[in-house]
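The values are calculated or read from the model by the stated rules, or taken from the named source; none is laboratory data. Bear in mind that the values here come from a model prediction, so they are computed numbers and not experimental data. A quick note on method: Cβ atoms are made from the backbone with ideal geometry, for glycine too, and the neighbour counts reach across all protein chains shown. Remember, those area values only see protein heavy atoms, side chains included, never the ligands or the DNA or RNA. Shrake-Rupley method; radii C 1.70, N 1.55, O 1.52, S 1.80 Å.
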Amino acid sequence: APPLAVRLSGALSEEQRQQVLSLVASARADVEAFALRGEGLVVNRSFGPGGTSHETLFLHRHLERRAPALRRQLLDLALGAERAAGWNLTRGVREGALRARCIELLTYQGGRHVNPVRWHGDGATLMTMVVMMSPPGSFEGGAVELRDYGNGLQEEPAEWDEVIRVGCSSCATRPAGSVRQERHLELAPGDALAWRGWTLHRAAPVLKGQRQVLAIEWWLGPDCTSSGLPRAPDTPKELHRAVYLDPGASQLRRWLGGSLCEQPPCVDARSALRALAAYQEAVALAPGDPMATSALQSFLENGGAQAAAEASFGK
Ligand SMILES: O=C(O)CCC(=O)C(=O)O
Ligand SMILES: [Fe+2]
């Protein structure tokens, strides 16, 4: 099995890290200056139920324009991570064709009332890359945790696999069928960590201080700089591509179901049938995963069953 994540030590130099931070400062100044036309460049996002977890500052307007070389290097890093991992994300397309879906600075303030980023996947994103911006000792907690399947409702492992070097040292030794997990606590400033976007992940609570990471999501959909969209939504087309790359990932089928039919009775009969098939495949791939089961169930209960039945009778 390919590694869950790849760590690139010293991916950005100290000078480049400072360059990102000064871009961030000018992006913030712009947002303040044009407060009335903020266009959602700063949002407080939360993952899963609960309150706010962190602030997201979108940098797609700034990075390409003010630091094109840095932007190019981030792409090279992503391609290097891909090669090291053997994920082969641009299989069937032009090599090196990855585009940035979003470029963001994430800021987590430590404290008891802040909700952590819960287990989630990044949808149709092919690769998510975070680069550590905070200096060592400036925060506590905040490890990036990854697992290859399972839904986050399972028990925590007694021990995490610490992956020190590029690649996953312990992947090969794990018994087949067990949930692989990794925890990356010690990212030095400028270190990057990359994983396939659908690999379930979370950031552990930041207990003290402030944690800042530059996050870039790569895919083959529209580039955020040219589209102007801070983060384009999932589409069936991009989710299909991810399914093609990792046909065994149940969560991708579940998201595909949601993307094909956001709300039964779906846009047309074909979408209803395809969404039903995707939800069923999600369950077949992970029969013990309550997320897969409940997604299928709520699709059926909310009118999906009827929409699919009508579709198959050609109504
Ligand atoms: O903060 C991190 O390390 C992960 C953030 C994340 O998962 C996301 O932005 O989708
Ligand atoms: Fe994420």
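Among the residues of segment 44-89, which ones are at pLDDT below 90, open to solvent by 10 Å² or more (accessible area, probe 1.4 Å) and within 17 Å of the chain's Cα centre (by Cα)? Within segment 44-89, Asn44, Arg45, Ser46, Phe47, Gly48, Glu55 qualify. Considering the conditions (1) open to solvent by 10 Å² or more (accessible area, probe 1.4 Å); (2) in contact with a Pro (Cβ under 9 Å, 6 or more places away or on another chain), Gly209 is excluded by exactly one of them, (2).
Considering only residues in segment 212-242 that are open to solvent by less than 20 Å² (accessible area, probe 1.4 Å) and in a helix (DSSP H, G or I), the one that is farthest from Leu41 (Cα to Cα) turns out to be Ala242. Pairs linking a residue in segment 192-208 that is within 22 Å of Arg254 (Cβ to Cβ) and assigned to a loop (DSSP other than H, G, I, E, B) to a residue that is away from ligand 2 (no atom under 12 Å from the Cβ) and among the hydrophobic types (A, V, I, L, M, F, W, C), with Cβ atoms under 6 Å and 6 or more positions apart or on different chains, are Gly197/Leu126; Trp198/Ala242; Trp198/Ala249; Trp198/Leu252; Thr199/Leu4.
In this structure, does Leu187 turn out to be open to solvent by less than 30 Å² (accessible area, probe 1.4 Å), in the same structural domain as Arg101 (by TED's automatic domain parsing) and either within 16 Å of ligand 2 (Cβ to nearest atom) or not in a strand (DSSP E or B) (or both)? Against the criterion (open to solvent by less than 30 Å² (accessible area, probe 1.4 Å), in the same structural domain as Arg101 (by TED's automatic domain parsing) and either within 16 Å of ligand 2 (Cβ to nearest atom) or not in a strand (DSSP E or B) (or both)), Leu187 qualifies. Checking each residue of segment 289-298 against the condition of being under 24 Å from the mean Cα position of the chain (by Cα) and outside any helix (DSSP H, G or I) gives at least one match.
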